[in-house]
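The values are calculated or read from the model by the stated rules, or taken from the named source; none is laboratory data. Because the structure is predicted, anything quoted here is derived from the model rather than measured. Cβ placement follows ideal geometry from the backbone for every residue including glycine, while neighbour counts extend to all protein chains displayed. Accessible surface is based on the protein model in full, side chains and every heavy atom, while ligands, DNA and RNA are left aside. Shrake-Rupley method; radii C 1.70, N 1.55, O 1.52, S 1.80 Å.
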Amino acid sequence: MTVETSHAIAELRRHLDRARASGARIGFVPTMGALHRGHVRLVEEAKRVSDVVVVSIFVNPTQFGPGEDFARYPRTLPDDLSRCEAAGVNLVFAPEALEMYPQGDDTRVRVGKLAEPLCGPHRPGHFEGVATVVAKLFAIVGPCTAVFGRKDYQQLRVVERMATDLRLPVTVVGVPTVREPDGLALSSRNAYLAPEERSRAVAIPRALAAAHASFAAGERKASALLALVHGHVDPVATSIDYVALVDPVTLEPRGESRDLDSPTLLALALRIGVTRLIDNTVLGLDEPPAPGFREVGT
Ligand code: AMP
């Protein structure tokens, strides 16, 4: 038995209508495929809160900018289907671009303030593309609980706000980031890293862990925490888009001292070689990302 896979919207809707008619609650996990344990964790959460779980696999062209990695993004559908089956997914929706954008994409969801900071300036149009495709997927799947990773923290906030603003019948849930044993966040893009780049990438969770340790020891100066993070990542990064301390709800920048008394999102985006990696943690709330890590000298 292979997992039930629909390429057409009408077919997926038939399955979901049938499930709802029998009283099932729908859980939905949108992905771009190249599935890993992070995605599986989202499926587990969806299974916990619903009866029938649908995973979508769609590399959405409208969220990639010119010169980004749309063409070479890993596409591994047969492996993804096996993973879905092993994870107990009930339905997979794997449309072609023409099924999602039959007449191009004249209509877009405009995203507001939450899309402006962090990745916003570095990936113009990205969150509009994300919000548009997720709105379409929510319209296709219908009432459900949709599960997203906090790895893509800004995306999660944008999608939550979009679902609220558009009054969509979807409950959005966020799941903590799944990491490798050394702390690196799982990502489909990690497959791009050469072995030497992969070893450099461990500086990212170490930087976040060092910021946690410093925050736990009482450091409340944004400049000191940012300097600490830069001390770890600057030597290994090919380029840095941002390292930022922001309000975890509004994503507005956090300043010095008093601001940092409440939980604060530390988020970063950088390139190692040509691979763009993002990560984040909420100081004062999340577990440190690299549990065994100790800052030298502490
Ligand atoms: P993607 O396929 O990369 O677009 O991601 C699909 C979903 O999986 C998004 O909600 C991501 O935030 C989530 N995700 C990706 N990596 C991880 C991870 N390491 N831990 C938890 N969720 C993740």
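Summary table
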item	result
Residue 62 being among the hydroxyl-bearing types (Ser, Thr, Tyr), open to solvent by 20 Å² or more (accessible area, probe 1.4 Å) and within 16 Å of the ligand (Cβ to nearest atom)	yes
Extreme residue, least open to solvent (accessible area, probe 1.4 Å), among residues of the stretch 65-78 that are over 19 Å from residue 41 (Cα atoms), touching a residue at least 40 places away in the same chain (Cβ under 8 Å) and out of contact with any Phe, Trp or Tyr (no Cβ under 9 Å at 6 or more places or on another chain)	65
Residue count, the stretch 96-126 (criterion: closer than 20 Å to residue 250 by Cβ and either in a loop (DSSP other than H, G, I, E, B) or more than 13 Å from the ligand (Cβ to nearest atom) (or both))	15
Residue list for the stretch 184-212, filter: surrounded by fewer than 22 Cβ atoms within 10 Å (Cβ to Cβ), within 16 Å of the ligand (Cβ to nearest atom) and not aliphatic (A, V, I, L, M)	188, 189, 190, 192, 198
Members of the stretch 45-58 found to be surrounded by fewer than 18 Cβ atoms within 10 Å (Cβ to Cβ) and touching a residue at least 24 places away in the same chain (Cβ under 8 Å), listed by number	49, 51
Unmet requirement for residue 224, which otherwise passes all of (1) away from the ligand (no atom under 11 Å from the Cβ); (2) in contact with a Phe, Trp or Tyr (Cβ under 7 Å, 6 or more places away or on another chain); (3) small (Gly, Ala, Ser)	(2)
Failed criterion for residue 235 (all others in (1) of a type outside the set (D, E, K, R); (2) more than 21 Å from the chain's Cα centre (by Cα); (3) in a helix (DSSP H, G or I) hold)	(3)
Single unsatisfied condition, residue 130 versus (1) open to solvent by less than 30 Å² (accessible area, probe 1.4 Å); (2) away from the ligand (no atom under 11 Å from the Cβ)	(2)
Restricting the stretch 22-44 to residues that are among the charged types (D, E, K, R) and over 19 Å from residue 170 (Cα atoms), the residue that is least open to solvent (accessible area, probe 1.4 Å)	41
Cross-chain or 6+ apart pairs with Cβ under 8 Å, the stretch 79-101 first and farther than 22 Å from residue 25 by Cβ, then open to solvent by 10 Å² or more (accessible area, probe 1.4 Å) and at pLDDT below 95	81/2
Residue among 34, 24 that alone is within 13 Å of the ligand (Cβ to nearest atom) and part of a loop (DSSP other than H, G, I, E, B)	34
Residue check, residue 41 in contact with a strand residue (DSSP E or B) (Cβ under 7 Å, 6 or more places away or on another chain) and in contact (Cβ under 8 Å) with a residue 24 or more places away in the chain	yes
Residue satisfying all of: in the stretch 213-229; more than 17 Å from residue 255 (Cα to Cα) and part of a helix (DSSP H, G or I); least open to solvent (accessible area, probe 1.4 Å) among these	213
Answer residue from the stretch 1-21, given it is closer than 18 Å to residue 101 by Cβ and not in a helix (DSSP H, G or I) and is most open to solvent (accessible area, probe 1.4 Å) among those	7
Where a residue in the stretch 136-147 is farther than 15 Å from residue 100 by Cα and open to solvent by less than 30 Å² (accessible area, probe 1.4 Å) and its partner, wherever it lies, is assigned to a helix (DSSP H, G or I) and of a type outside the set (A, V, I, L, M, F, W, C), with Cβ under 8 Å and at least six apart	142/13; 142/20; 147/45
